[in-house]
1. To the nearest 20 Debye, how big is the dipole of the stretch 175-290 about its Cα centre, given +1 on the beta carbon of each Lys and Arg and -1 on that of each Asp and Glu?
2. From Cα pairs below 8 angstrom and at least 6 apart in sequence, can you work out the relative contact order of the stretch 25-157, rounded to a whole percent?
3. Once you sort the root eigenvalues of the Cα gyration tensor of the stretch 34-180 as a ≥ b ≥ c, which label holds: rounded (a/c under 1.5), prolate (a/b larger than b/c) or oblate (the other case)?
4. Determine how many Å³ per residue the convex hull of the Cα atoms of the stretch 188-233 encloses.
5. Tally Lys and Arg at +1 and Asp and Glu at -1 over the other residues with C-beta under 9 Å from the C-beta of V284: what net charge comes out?
6. Among 220-227, 144-151, how do they line up from the highest to the lowest mean number of other beta-carbon atoms within 10 Å?
7. Highest first, please rank the peptides 95-101, 205-211 by the mean number of other Cβ atoms sitting within 10 Å of their residues.
8. With the contact rule set at Cα under 8 Å and sequence spacing of 6 or more, what percent relative contact order holds for the chain?
Amino acid sequence: MCRSFSLIALFFLGTLLAGCLHPPGPLTVHGELYGDQTWQGEVLIAGDVTLPAGTTLTILPGTVVRFLPPGDAPANRGDHPYFPGSELNILGTLLAEGKPAAPIVFAAVNEADPPGSWGAVNFAEDSRGVLRYCIFRQADSAIHSRQARVEVSKSLFERNLVGIRFHSSVIRVTDNLLRDNDTGIRFHYGLPTVSSNRFESNRVNLFITAHPYKYLFENNSFGLPREYQVVLGEEVPEDVQLGGNDWEATQADAVIERIFDGHRSPHLGKVTIEPLADIPLETVGPTWIQ
């Protein structure tokens, strides 16, 4: 009798604990996080959410992170290096590693909202991030890194104002698909490695704003943009070497027509795209996304 009672008690205790570990409904977060965090299920970001230095946020596969519009969230900063709208500011370490069958999604609450409806996953100085098998939609700058160490791979960036934006960061961008953004990648200064990515139907595939150095762009497939393949900003008097990539054109002259550089404005450097690479489409970008 006592043994039966103990088994029943343990069963109900386990059921109670299971309910505590998996509360119903989405988790809403705002302000500063405290200590290491693990997110799963649906998470709502309200205003500016900050992960302090020395702490780690782990986002589990299949998690959906949605950003509330400014009217539904506490006041947030919109001054540089922040962006209008709710955003996630990383001062510590972010580990967001999904799976092909269970990617991690970062998007606006309303799937019909336009690009720029939320701010960024914003990496501050000396922070760190690993992001794999993620989907980013409707951001101002989906990933923004400044003097951080970030790895972004096998992920999808679509319908953002900027897919990936960074400066002075040790950043590796590999095997991603950037499509239907206003700008695919935007950066200034240096230290990026960008390889085996696929660019499709962006207005501008690559925008370099100032003084690039120690950069490597190779084995990327630059699909036909709506406007420009590459744009050099006013602070790029240096020539830029982008050989070893595929531009969906057999002649360099056809690619140059869609590059804004010293050929159009004499105070800018010039972009070199030769040698052109012939890269099979199936070898670049995330293989889990068609």
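1. Its charge dipole is roughly 240 debye.
2. With pairs under 8 Å counted, the relative contact order is 21 percent.
3. rounded
4. Per-residue hull volume (Cα only) is 57 Å³.
5. Numbers: positive: R198; negative: D175, D246, E282.
Overall, the nearby charge balance is -2.
6. Working: 220-227: 19.6, 144-151: 21.6.
Top of the packing list down: 144-151, 220-227.
7. Going by the mean number of other Cβ atoms within 10 Å, highest first, we get 205-211, 95-101.
8. Taking the mean separation of contacting Cα pairs over the length of the chain, I get 10 percent.
Read the figures in this text as sums done on the coordinates, not as results from a lab. Since this is a predicted model, take the numbers as computed values, not measurements. Ideal geometry is used to build each Cβ from the backbone, glycine not excepted, and the neighbour counts take in all protein chains shown.
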